[in-house]
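First comes the structure, then the notes that go with it.
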Amino acid sequence: MPSTIQLLAAVEININGLTLKRISSISISQPFENHHTFEISISPDMLPEKSTTIDLKKLAEQVVGEVAVIKLKQGQKQEDGSIQEKQTRTFKGIATTIRLNKGSSTSNTIVISGVSNTAVLSAGRTTRSFTDKSLGDIVQKVLSPFGGLSKKIAPSYTSPIRYVTQYEEDNFHFLQRLAEEYGEWMFYDGEQFVFGKSGRDKGSEVTLKHGENIFDMQYSLRVTPLNLKGLNYDYYNHLTYEAPSSGENVSGLGTFAMVGLHKSDAVFSDEPVEIGYQNHREKSTLKKAVRLKKSEQANKLAVLTGRTPEMELKLGGIVKVVDTYVNDQNKAEVIDYGSFVVTRLSHYLDTRGVYQCHFEAVPQDTDFAPADYRILSPNAEPQPAVVMQVDDKDSMGRVKVQFPWQKNDNEITPWIRVVHPMAARDRGMYFIPEIDEVVFVDFEFGNPDVPFVTGSMYHGQAKPGDLFEAKNNIKGIITKGGNHIIIDDTDGKEKIKIYNRESKNEIELSIDGEASIKAKSNGTIYLEAAKGIEMKAPKITMEADNEVDINAGNSVKVEGMTVDVNAQASGSFKTSAQLELNGGSMAVLKAAMVMIN
């Protein structure tokens, strides 16, 4: 087989019925972590009608917004001018722009540019949540409206995710954030969207030999900070977890990158504390997250770049790089630089049929992604929500709420905590909002996946009621059962009143006129004490509409300077055993008739 340097390349482009087989140049950029782009330059005579004039409007109507299929092919030129294909590469994208460049009166260039099909995932930002769904199910749900996007979804993380929020993010950013958090591969291979390393079509390993099919080779080894300490507080178990990255290994780096790893550990030995791990309620998941973060940083340890005429290189695919040199014994020896994962491709083909590909690769083939997604975590702002559930079976006073943006999907939050002025074991202030109440919700560290309730809010359909007037003299607590604790600060009429629905029972502490305490019930008032009840006042008055009963298990004593017992009709004083009347110096028994037996 002849060297690829001796092969010619050609291209065939199809855009909504427009077929181009001749071009001035074409370039395709394929980064692992972002959308791909392409640019096609042609002269008017390269259009199918080979016209010298250009109908830009007609071309725009045919091309802009349409799917572009670009097939690069490489092989030996046949006698009829065709290419006997040895290598091919297909790219699918969307033509987004057509541009006419006019130079001199006879020099016109048409430039068609576009992006990969994944660009539809970045059309706009949205907010929604997912509860108890697998990573694969979430990705499928996000991609479901984009039927025209070919995809392969095969994440390695399969456990259900308790709760995750796509917060003011476009779909591409959100999926990339999930890929970063769970250590998944996510990229576009030129034809399909891939989520999960096992979903990639890496093709066959391509061997590149310096001086033969790889040129301008640069292999950079460097040191970079790798160490950190992940920290998170688990409120459920009241534990703080720490996970130092120094105890985590990064596998699959290869011998050259391992040099950078060991040197980096020595140079950057400090472990700065990172606290942005609120989603991890177990130490094992925190350790995995820290290991993924360290592995992501390890992508910077060794980077290979080069230029090759090989068309078989594929994003996410494997290349093996070797070199030869003549030793002291004048014998050729091979230097094996190892295998690399391709993370960036830049294809270029000119009108002469000369194809070149600049590429970037890293020396690893591990489960975690070989690229830095450069994700900015969303920062959630405080916002209102409606309480949906309050029956926390773990008795932690938590609630479930629904944000307005969750309503259409019938989603709610998991159990979230409520802020109280005091909260401790068997003490504190316990006020839990009721179902359908509007509450204000904030987020730990701005993380949209970790909301908590800061308080309740009135609104147009739920006002505090007529009891609370504009002068703000009334403060109080009113429960759903109609129990009231009202504090009235009206000048000169200050009082505290405790009562239930319809005032069937009430206690009032007032200084209206003179200080007083009033207890009132439509039923019975009970006073009970284990040792005693004492009442002390200048005057004590007891009044009953029917009767007053005083019953003591042992004795009843009535003492005073004078004791008056007055019966309007009749009175009796009776003992079962003995009666003694003692008048001291004199006893008077007086009646119209006195009978003594």
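Results, tabulated for the structure shown:
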read-out: Residue in region 175-189 that is assigned to a loop (DSSP other than H, G, I, E, B), among the small types (Gly, Ala, Ser), within 19 Å of Gly136 (Cα to Cα) and not assigned by TED's automatic domain parsing to the domain that holds Val401 present; value: yes
read-out: Residue check, Ile94 touching a strand residue (DSSP E or B) at 6+ places or on another chain (Cβ under 8 Å), crowded, with 17+ Cβ neighbours inside 10 Å and more than 23 Å from Asp350 (Cβ to Cβ); value: yes
read-out: Filter result for Phe195 (in contact with a helix residue (DSSP H, G or I) (Cβ under 8 Å, 6 or more places away or on another chain), crowded, with 20+ Cβ neighbours inside 10 Å, within 26 Å of Ile318 (Cβ to Cβ) and in contact (Cβ under 8 Å) with a residue 40 or more places away in the chain); value: yes
read-out: Looking only at region 234-264, and only at residues there that are exposed (fewer than 15 other Cβ atoms within 10 Å of the Cβ) and over 30 Å from the mean Cα position of the chain (by Cα), the one that is nearest to Asp367 (Cα to Cα); value: Thr255
read-out: Condition broken by Lys202, with the remaining ones in (1) part of a strand (DSSP E or B); (2) out of contact with any His (no Cβ under 8 Å at 6 or more places or on another chain); (3) more than 25 Å from Asn249 (Cα to Cα) satisfied; value: (1)
read-out: Hey, Thr454 closer than 30 Å to Leu376 by Cα and in a strand (DSSP E or B) or not; value: yes
read-out: Filter result (hydrophobic (A, V, I, L, M, F, W, C) and under 17 Å from Ala371 (Cα atoms)) within region 245-295; value: Val250, Leu253, Ala257, Leu261, Ala289, Val290, Leu292
read-out: Phe440 vs. criteria outside any loop (DSSP other than H, G, I, E, B), modelled with pLDDT of 95 or more, surrounded by fewer than 18 Cβ atoms within 10 Å (Cβ to Cβ) and not small (Gly, Ala, Ser); value: yes
read-out: Out of Gly492, Gly465, Gly482, sole residue that is on the phi > 0 side of the Ramachandran plot and in contact with a helix residue (DSSP H, G or I) (Cβ under 9 Å, 6 or more places away or on another chain); value: Gly482
read-out: Which listed residue is of a type outside the set (Ser, Thr, Tyr), touching an Asp or Glu at 6+ places or on another chain (Cβ under 9 Å) and outside the structural domain of Asn237 (by TED's automatic domain parsing), from Pro414, Pro421; value: Pro414
read-out: Check on Leu8, surrounded by fewer than 20 Cβ atoms within 10 Å (Cβ to Cβ), touching a Phe, Trp or Tyr at 6+ places or on another chain (Cβ under 9 Å) and of a type in the set (A, V, I, L, M); value: yes
read-out: Asp512 modelled with pLDDT under 85, among the acidic types (Asp, Glu), within 56 Å of the chain's Cα centre (by Cα) and closer than 30 Å to Pro464 by Cβ; value: yes
read-out: Matching entry among Thr118, Thr127 (being of a type in the set (S, T, N, Q), crowded, with 16+ Cβ neighbours inside 10 Å, part of a strand (DSSP E or B) and outside the structural domain of Gly306 (by TED's automatic domain parsing)); value: Thr127
read-out: Residue match in region 140-148 (condition: touching a residue at least 12 places away in the same chain (Cβ under 8 Å) and of a type in the set (Ser, Thr, Tyr)); value: no
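The values are calculated or read from the model by the stated rules, or taken from the named source; none is laboratory data. Computed from a prediction, not measured in an experiment: that's the story for all the values here. Positions of Cβ are backbone-derived with ideal geometry, glycine not excepted, and every protein chain shown enters the neighbour counts.
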